Amino acid sequence: MSAPVSCPHLVYERILASLGTGTGTRIDQLCLGLTWTFCRTAQSIGFAQSPGLASRTLRFPGTVAGRPAAEVAAWMRSWDPFEATVGLAAANAVINGPGNALMARAVPICGTAPSNLAVFEHFRPCLERRKVVVVGRYPGLDALTDGLDVTVLERQPAGDDLPDPAAEYLVPAADWVFLTATSLINKTFPRLAELAANAVTVLMGPSVPWWPGFADFGIDFIAGVLPIDAGRAATIASEGGGTRLFGDGVRYAVADIGAGAMATLKRQIAATAERRAALKQAMTSWYDAGNRGRFPELAELEAVTDALAELDTRYKRQWDARSRRPAPPGNA
């Protein structure tokens, strides 16, 4: 995985730029449901997780339907949780519509786990003997990940969950990171993606835009939802549906958007190995010439050796993620 783009606001600007500036797509309906918010257009529906708060002082009710979706999507930038939620739902209504090539090639997830846990069941064979960090609490997760080294980070932690500031310490050392798409709403996504630069990272949830540009921010897999019945999904969401949304209205699917990063890693490994070989040859020649003491470029040689080991580890994580091979016994 290549290093993610680190400019915090850039992901929002690029998502919004992908919508275009035309006014052809307008919002027909907005619903701020108990669990899921959705925006509907004439052709599609877009979801975002609702804030889980109550408010009697929202500024926009009664003004959204009929507005250009791209205009409302710009609310993604807002620090108001309701506006940011509606903005992401509006962006998803445009991005996750007919003709989205990433949705077309996404692989539907089939399994026995409850639908909200389907993503973890799908990737579980890759998680044995790996350090896994899940950003966001998913009901029923503990039973599915029993026996795995999984740490859950949650803004309001309960049980063995850790508070989200622990991400600064745990995410950089993780092999796998599952990142909830609500991080786009609360603006933690840019930093979390940066921290997860060395991990295999899955951006997941109904709030995910099926947007390939996330690869530039270090995301390897998108695990989002495909509508089965948009009308049924809208009804469930508007009636307070949570996990009921899955199966009846939408289903999870996975798309690999980070495979190209493996080629980048291979080039980096080759270049680093070549530099290490050159430094080792230079050190041999230096000592053969009768010099004593510390080789002048020893610090660089040690740094390059460490960098090569890190690149090898990152490449192996990416390889295992795509070959779905469990880690060999004894590997941490």
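The values are calculated or read from the model by the stated rules, or taken from the named source; none is laboratory data. Just so you know, these numbers come straight off a predicted model, no measurement behind them. Virtual Cβ from ideal backbone geometry, glycine too; neighbours counted across all protein chains shown.
Structure notes:
- Of everything listed in (1) surrounded by 23 or more Cβ atoms within 10 Å (Cβ to Cβ); (2) within 17 Å of the chain's Cα centre (by Cα); (3) of a type outside the set (G, A, S); (4) under 24 Å from L153 (Cβ atoms), the single unmet condition for N96 is (4).
- For first residues located in the range 279-307 and without any contact (Cβ under 8 Å) to a residue 12 or more places away in the chain, partners that are surrounded by 12 or more Cβ atoms within 10 Å (Cβ to Cβ) and of a type in the set (F, W, Y) and lie 6+ apart or on another chain with Cβ distances below 6 Å form the pairs W286/F295.
- Evaluating T85 against the criteria (1) surrounded by 19 or more Cβ atoms within 10 Å (Cβ to Cβ); (2) in contact with a helix residue (DSSP H, G or I) (Cβ under 7 Å, 6 or more places away or on another chain); (3) of a type in the set (V, I, T) leaves one unmet condition, (2).
- Boolean, R314 is modelled with pLDDT under 95 and in a helix (DSSP H, G or I): yes
Every residue, every condition in (1) within 30 Å of T57 (Cβ to Cβ); (2) under 20 Å from the mean Cα position of the chain (by Cα); (3) surrounded by 14 or more Cβ atoms within 10 Å (Cβ to Cβ), yes or no:
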{"site": "R77", "(1), (2), (3)": "yes, yes, yes"}
{"site": "A89", "(1), (2), (3)": "yes, yes, yes"}
{"site": "N92", "(1), (2), (3)": "yes, yes, yes"}
{"site": "L102", "(1), (2), (3)": "no, yes, yes"}
{"site": "L117", "(1), (2), (3)": "no, yes, yes"}
{"site": "F123", "(1), (2), (3)": "no, yes, yes"}
{"site": "G147", "(1), (2), (3)": "no, no, no"}
{"site": "D161", "(1), (2), (3)": "no, yes, yes"}
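- Top-ranked residue in the range 1-27 [being exposed (fewer than 15 other Cβ atoms within 10 Å of the Cβ) and over 30 Å from N198 (Cβ atoms); ranked as modelled with the lowest pLDDT]: G22
- Only one of the listed residues (E168, E154) is modelled with pLDDT of 95 or more, of a type outside the set (V, I, T) and under 19 Å from F189 (Cα atoms). That residue is E168.
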